[in-house]
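The values are calculated or read from the model by the stated rules, or taken from the named source; none is laboratory data. Not measured: the values here are computed from a predicted model. Reconstructed Cβ throughout: ideal geometry from the backbone, glycine too, with neighbour counts over all protein chains shown.
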Amino acid sequence: MFQGIEISEKLLGSETRLEILALFRENPGLMEGIDTVGRSIGRDTREIETEVRELVNIGVLRSKTIENSEIIYMDGQKVAQIQKEISTQLIRKE
């Protein structure tokens, strides 16, 4: 299977992941703690922790510690790279 397709399956793997991605896409530059992200999409922190970790593992989201708090933010360059990989793979399949 193509890498771009595998990544897209991971990205689209759950409704919660899509909600998290939509939040960050609709709010460029958003940098928030996981609890705030959860509240923003109407979900409990425990519900989204695994999904956020998966998105961090893929590289779409990043995390860093600021004043002893973990902050989550979108990596715009990685998103663009993934979009390009998926587009390239889809064009090749045609």
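What to note about this one:
- The range 68-82: number of residues that are assigned to a strand (DSSP E or B) and touching a helix residue (DSSP H, G or I) at 6+ places or on another chain (Cβ under 7 Å): 3
- Residue count for the range 44-62 under the criterion of being in contact with a Leu (Cβ under 8 Å, 6 or more places away or on another chain) and either among the basic types (Lys, Arg) or in a helix (DSSP H, G or I) (or both): the result is 3.
- As a summary of the residue check, Thr65 satisfies the conditions (1) farther than 16 Å from Lys10 by Cα; (2) in a helix (DSSP H, G or I); (3) among the β-branched types (Val, Ile, Thr) except for the one numbered (2).
- Of residues in the range 53-65 being among the β-branched types (Val, Ile, Thr) and in contact (Cβ under 8 Å) with a residue 24 or more places away in the chain, the one surrounded by the most Cβ atoms within 10 Å (Cβ to Cβ): Val60
- For Leu23, the stated conditions hold: it is part of a helix (DSSP H, G or I) and modelled with pLDDT of 90 or more.
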